[in-house]
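K.L.:
The structure under discussion is supplied below as structure tokens; questions concerning it will follow.
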Amino acid sequence: MKKIIELKNISKAFDGEGVLNDISLYINDNEFITLLGPSGCGKTTLLRMIGGFEHPDKGDILFLGERINDVPPHKRHVNTVFQKYALFPHLNVFENVAFPLRECKVPKDEINKKVNEILGLVMLGNFAGRSVTSLSGGQQQRVAIARALISHPRVLLLDEPLGALDLKLRKDMQQELKKIQQSTGITFVFVTHDQEEALSMSDTIVVLNEGKIQQIGTPADIYNEPDNAFVADFIGESNIIDGVMLENYKVSFSGHTFECLDKGFAANEPVDVVVRPEDVDIVAPEKGMLSGTVTQVTFMGVHNEIIVDIGGFKWMIQTTDSVNVDEHIGISLDPDAIHIMKKSKYSGMFGDYSSYSNELDELADAGGEE
Amino acid sequence: MNKHKKGGAFLPLAPYSLWSVLFIVVPLIFVAYYAFTDEAFRFTTENITRFFTATSNIQAEDGTMQEVRTYLVIFGRSLKLAVISTFICLLMGYPMAYIMARAKERTQKILVTLIMIPMWMNFLIRTYAWMTILQDTGIINNILGFFGIQPIHIIGTETAVIIGMVYDYFPYMILPIYSIMAKMDTKLLEAARDLGCNSFGVLRRVIFPLSLPGVISGITMVLIPSISTFYISQKLGNGKFFLIGDAIEGQYIANNLHFAAAIAFILMVILLVCMGVVKYFTSKTYGGE
């Protein structure tokens with residue numbers, strides 16, 4: 001695969017405060033790559049650097065092998081879909097989309113043809129003459145995408161483009177964006193703080209936190225084999241327990257020794273153990289590898305989300321079984337339900353559901369961005 | 001977005017409505033009433049026709065005497081000086097507003113204050129200050145003399161009047177343009193660059209069209225007072241450039257209230273028509289807003 005963009009040892013500080021710290025990353029041609037992280041992790045700054053709106057303090061940006069640090073935005077083969085679309089309010093839909101073509105002095109009939117074609121692609125064929133201020137959020141979004149695609153950039157940068165849309169529309173647009181990416185073959189660099197969005201759309205996910213890359217991988221890699229406690233917690237729900245790797249394929253935690261699929265750790269090395277809530281089987285107390293008391297049950301529709309106190313550590317388990325608060329249950333774990341991570345600076349910060357509350361979680365999610 | 005019902009908004013507006021009726025609408029009615037009546041307050045259009053038909057003899061440049069329509073000539077002269085002053089204000093104000101809007105916030109505040117400070121001083125005093133600056137033995141000529149340069153004659157010329165007008169009305173041009181530029185979403189400028197515009201392209205295709213409403217209100221706010229100005233021309237033009245404002249003042253002092261009102265009324269109608277035309281064209285361009 002051809003590398004279209006390479007970032008080499010990029011660092012950036014605003015007013016002495018480090019935002020990006022030695023980021024190295026390459027982006028393949030034709031791929032859908034997502035920069036994922038909480039607000040303030042530096043993902044937007046990274047995107048703006050590729051677009052040419054920020055300059056790295058240290059490091060190089062390469063485009064097809066050529067250094068483009070000092071190339072201004074209008075000379076880069078990269079276009080951006082801005083967070084709040086940034087449509088020109090003095091121009092109608094047609095003129096917004098035709099904007100880049102007029103700059104290149106494309107002949108009139110060709111502009112007409114191209115604009116109508118792309119408006120058809122984003123399903124706004126009948127909206128050409130409308131004022132952009134009269135459009136709904138979803139429609140404005142499509143205009144912004146059409147405008148960014150019409151001059152066939154090599155790379156399209158999308159800065160949280162779905163953030164302002166409601167859930168239903170967001171799901172539809174996710175599908176549509178993915179379709180557009182596949183049909184045009186343009187490389188998409190997508191920025192979001194929404195892990196579900198990242199998992200469902202991307203070929204590759206780059207997880208960022210505190211200006212550093214935490215993990216790069218396919219959605220399945222990131223979900224199944226998180227590198228550290230931050231990634232495990234940020235992508236989906238995780239129980240993260242202190243453990244000790246006894247030998248290859250044997251790990252001990254919560255006073256029990258489990259078989260697992262991981263190897264390559266030193267004997268008796270302290271590790272973080274990740275168990276996804278949906279991978280836990282509930283069994284009778286006497287048959288369980290571990291046992292504990294249910295402290296909370298929340299009905300979620302498809303499943304119940306229960307919190308179980310096992311030796312003082314609170315686990316989250318998702319199950320279709322019905323259990324009651326104060327019930328004593330046993331749990332059983334298959335070897336492939338257990339994922340072992342090396343200790344990191346995030347160890348012990350995440351993955352314990354002692355103070356868990358659905359409401360708080362939602363508040364924290366919603367209040368995230370800007 | 002949220003449209004208030006008209007009835008609900010009326011009550012809180014009552015004091016302001018009363019104010020504008022008392023101090024704006026009623027005086028305007030009086031102006032119109034005086035314009036269309038004679039000394040005995042009988043209806044007449046004589047004052048209006050006098051504006052268009054009164055003649056006087058002036059000396060043309062080649063020395064011959066010419067009969068001209070007095071008030072039309074005066075109005076033409078006022079319009080010419082006002083248009084020139086407005087144009088100069090725009091030419092200086094637009095780039096200045098642009099630079100201000102892009103400056104750091106602290107710098108912006110300082111610049112806005114600097115522009116407003118002269119407005120805190122009395123208009124007459126400012127005009128007197130310009131007299132001492134522009135006089136044949138004034139500050140400018142003293143400085144020129146110091147460097148051994150021949151003195152220049154400014155006071156009593158059209159240039160002096162224009163300088164005075166530009167100085168007095170400049171803030172009214174720069175502030176509306178600045179405020180619209182400062183509010184402009186920087187993301188739009190980034191989007192334009194992203195879509196292939198160089199700096200000049202961004203200015204031409206995004207900043208300028210979006211700042212037009214500010215330019216229009218700046219032009220309106222400078223052109224209208226400078227058309228009807230009267231004091232500047234007397235002091236800086238040595239009374240040689242009798243303007244329409246001077247005409248109104250002169251008739252008023254001479255106690256020709258009805259004719260003074262007629263000139264004021266005609267001026268008002270002309271300005272209203274101009275503003276209406278401007279408004280029509282801008283709302284056509286900015287239909288959505």
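K.L.:
Going by the conditions given, is residue B:154 within 14 Å of another protein chain (Cβ to nearest Cβ) and either outside any loop (DSSP other than H, G, I, E, B) or surrounded by 15 or more Cβ atoms within 10 Å (Cβ to Cβ) (or both)?
P.N.:
no
K.L.:
Output the residue which, of all residues in region A:54-90 that are among the aliphatic types (A, V, I, L, M) and in contact with a helix residue (DSSP H, G or I) (Cβ under 7 Å, 6 or more places away or on another chain), is nearest to residue B:281 (Cα to Cα).
P.N.:
The selected residue is A:87.
K.L.:
Within region A:67-120, which residues are surrounded by fewer than 17 Cβ atoms within 10 Å (Cβ to Cβ), more than 8 Å from chain B (Cβ to nearest Cβ) and within 30 Å of the chain's Cα centre (by Cα)?
P.N.:
Selection gives A:67, A:69, A:70, A:71, A:75, A:77, A:120.
K.L.:
Further question on the same structure: Hey, can you tell me all the residues within region A:254-267 that are over 15 Å from residue A:334 (Cβ atoms) and not aliphatic (A, V, I, L, M)?
P.N.:
A:254, A:255, A:263, A:264, A:265
K.L.:
Within region B:228-263, work out how many residues are out of contact with any Phe, Trp or Tyr (no Cβ under 9 Å at 6 or more places or on another chain), touching a residue at least 60 places away in the same chain (Cβ under 8 Å) and within 21 Å of residue B:48 (Cα to Cα).
P.N.:
Total satisfying the criteria: 2.
K.L.:
In addition: Hey, can you tell me all the residues within region A:113-164 that are over 30 Å from residue A:26 (Cα atoms) and either of a type in the set (Gly, Ala, Ser) or not assigned by TED's automatic domain parsing to the domain that holds residue A:95 (or both)?
P.N.:
Those that are over 30 Å from residue A:26 (Cα atoms) and either of a type in the set (Gly, Ala, Ser) or not assigned by TED's automatic domain parsing to the domain that holds residue A:95 (or both): A:120, A:125, A:128, A:129, A:131, A:134, A:136, A:137, A:138.
K.L.:
Which one of these is part of a helix (DSSP H, G or I) and away from every other protein chain (no Cβ under 14 Å): B:245, B:214?
P.N.:
Of B:245, B:214, the one residue that is part of a helix (DSSP H, G or I) and away from every other protein chain (no Cβ under 14 Å) is B:245.
K.L.:
Still on this structure: Could you pull out the residue among A:339, A:328 that is under 26 Å from residue A:244 (Cα atoms) and either within 22 Å of the chain's Cα centre (by Cα) or modelled with pLDDT of 80 or more (or both)?
P.N.:
Step by step, each of A:339, A:328 is checked, and only A:339 is under 26 Å from residue A:244 (Cα atoms) and either within 22 Å of the chain's Cα centre (by Cα) or modelled with pLDDT of 80 or more (or both).
K.L.:
Hey, can you tell me all the residues within region B:195-211 that are more than 7 Å from every other protein chain (Cβ to nearest Cβ) and either touching a Lys or Arg at 6+ places or on another chain (Cβ under 7 Å) or of a type in the set (S, T, N, Q) (or both)?
P.N.:
Residues satisfying the conditions are B:199, B:202, B:211.
K.L.:
Also: Taking only region A:131-155 into account, find how many residues are of a type in the set (A, V, I, L, M, F, W, C), within 11 Å of another protein chain (Cβ to nearest Cβ) and not in a helix (DSSP H, G or I).
P.N.:
2
K.L.:
Out of B:182, B:192, I need the residue that is under 17 Å from residue B:98 (Cβ atoms) and touching a Lys or Arg at 6+ places or on another chain (Cβ under 8 Å). Which one?
P.N.:
Going through B:182, B:192 in turn, just one is under 17 Å from residue B:98 (Cβ atoms) and touching a Lys or Arg at 6+ places or on another chain (Cβ under 8 Å): B:192.
K.L.:
Go through region A:25-53 and count every residue that is within 29 Å of residue A:226 (Cβ to Cβ) and within 14 Å of chain B (Cβ to nearest Cβ).
P.N.:
The number of residues fulfilling the criteria is 6.
K.L.:
So, one more: Going by the structure shown, is residue B:281 at pLDDT below 85, over 18 Å from the mean Cα position of the chain (by Cα) and in a helix (DSSP H, G or I)?
P.N.:
Answer is yes for this residue.
K.L.:
Taking the criterion of being more than 24 Å from residue A:37 (Cβ to Cβ) and among the hydrophobic types (A, V, I, L, M, F, W, C), would at least one residue in region A:211-222 satisfy it?
P.N.:
No.
K.L.:
Could you list all residues from region A:1-19 that are outside any strand (DSSP E or B) and either without any contact (Cβ under 8 Å) to a residue 12 or more places away in the chain or of a type in the set (A, V, I, L, M, F, W, C) (or both)?
P.N.:
Hits for region A:1-19 are A:1, A:15, A:16.
K.L.:
If you go through region B:171-192, how many residues are in contact (Cβ under 8 Å) with a residue 40 or more places away in the chain, of a type in the set (A, V, I, L, M) and either away from chain A (no Cβ under 14 Å) or not in a loop (DSSP other than H, G, I, E, B) (or both)?
P.N.:
Residues in region B:171-192 being in contact (Cβ under 8 Å) with a residue 40 or more places away in the chain, of a type in the set (A, V, I, L, M) and either away from chain A (no Cβ under 14 Å) or not in a loop (DSSP other than H, G, I, E, B) (or both): 6 in total.
K.L.:
Can you tell which of A:167, A:199, A:208 is more than 21 Å from residue A:100 (Cα to Cα) and either at pLDDT below 90 or not assigned by TED's automatic domain parsing to the domain that holds residue A:44 (or both)?
P.N.:
A:167
K.L.:
Name the single residue, out of those in region B:90-106 being assigned to a helix (DSSP H, G or I) and of a type in the set (A, V, I, L, M), that is surrounded by the most Cβ atoms within 10 Å (Cβ to Cβ).
P.N.:
B:97
K.L.:
Output the number of the condition that residue A:286 fails; it satisfies all remaining conditions of (1) touching a strand residue (DSSP E or B) at 6+ places or on another chain (Cβ under 6 Å); (2) of a type in the set (Asp, Glu); (3) modelled with pLDDT under 90.
P.N.:
So the condition that residue A:286 fails would be (1).
K.L.:
OK, next. Looking at B:219, B:149, B:180, which is the one that is among the aliphatic types (A, V, I, L, M) and within 13 Å of the chain's Cα centre (by Cα)?
P.N.:
It is B:219.
K.L.:
Looking only at region B:150-186, filter to residues that are of a type in the set (Phe, Trp, Tyr) and touching a Pro at 6+ places or on another chain (Cβ under 9 Å); which one of those is nearest to residue B:221 (Cα to Cα)?
P.N.:
B:172
K.L.:
Select from region B:28-44 the residues that are out of contact with any strand residue (DSSP E or B) (no Cβ under 7 Å at 6 or more places or on another chain) and either surrounded by 14 or more Cβ atoms within 10 Å (Cβ to Cβ) or assigned to a loop (DSSP other than H, G, I, E, B) (or both) and list them in ascending order.
P.N.:
Listed by number, the residues that qualify are B:31, B:32, B:33, B:34, B:35, B:38, B:39, B:40, B:41, B:42.
K.L.:
When region B:45-67 is examined, which residues are found to be within 19 Å of residue B:248 (Cα to Cα) and either outside any helix (DSSP H, G or I) or more than 27 Å from the chain's Cα centre (by Cα) (or both)?
P.N.:
Hits for region B:45-67 are B:45, B:46, B:54, B:55, B:56.
The values are calculated or read from the model by the stated rules, or taken from the named source; none is laboratory data. Predicted model only: the values in this text are computed from it and were never measured. So basically every Cβ, Gly included, is an ideal-geometry build from the backbone, and we count neighbours across all protein chains shown.
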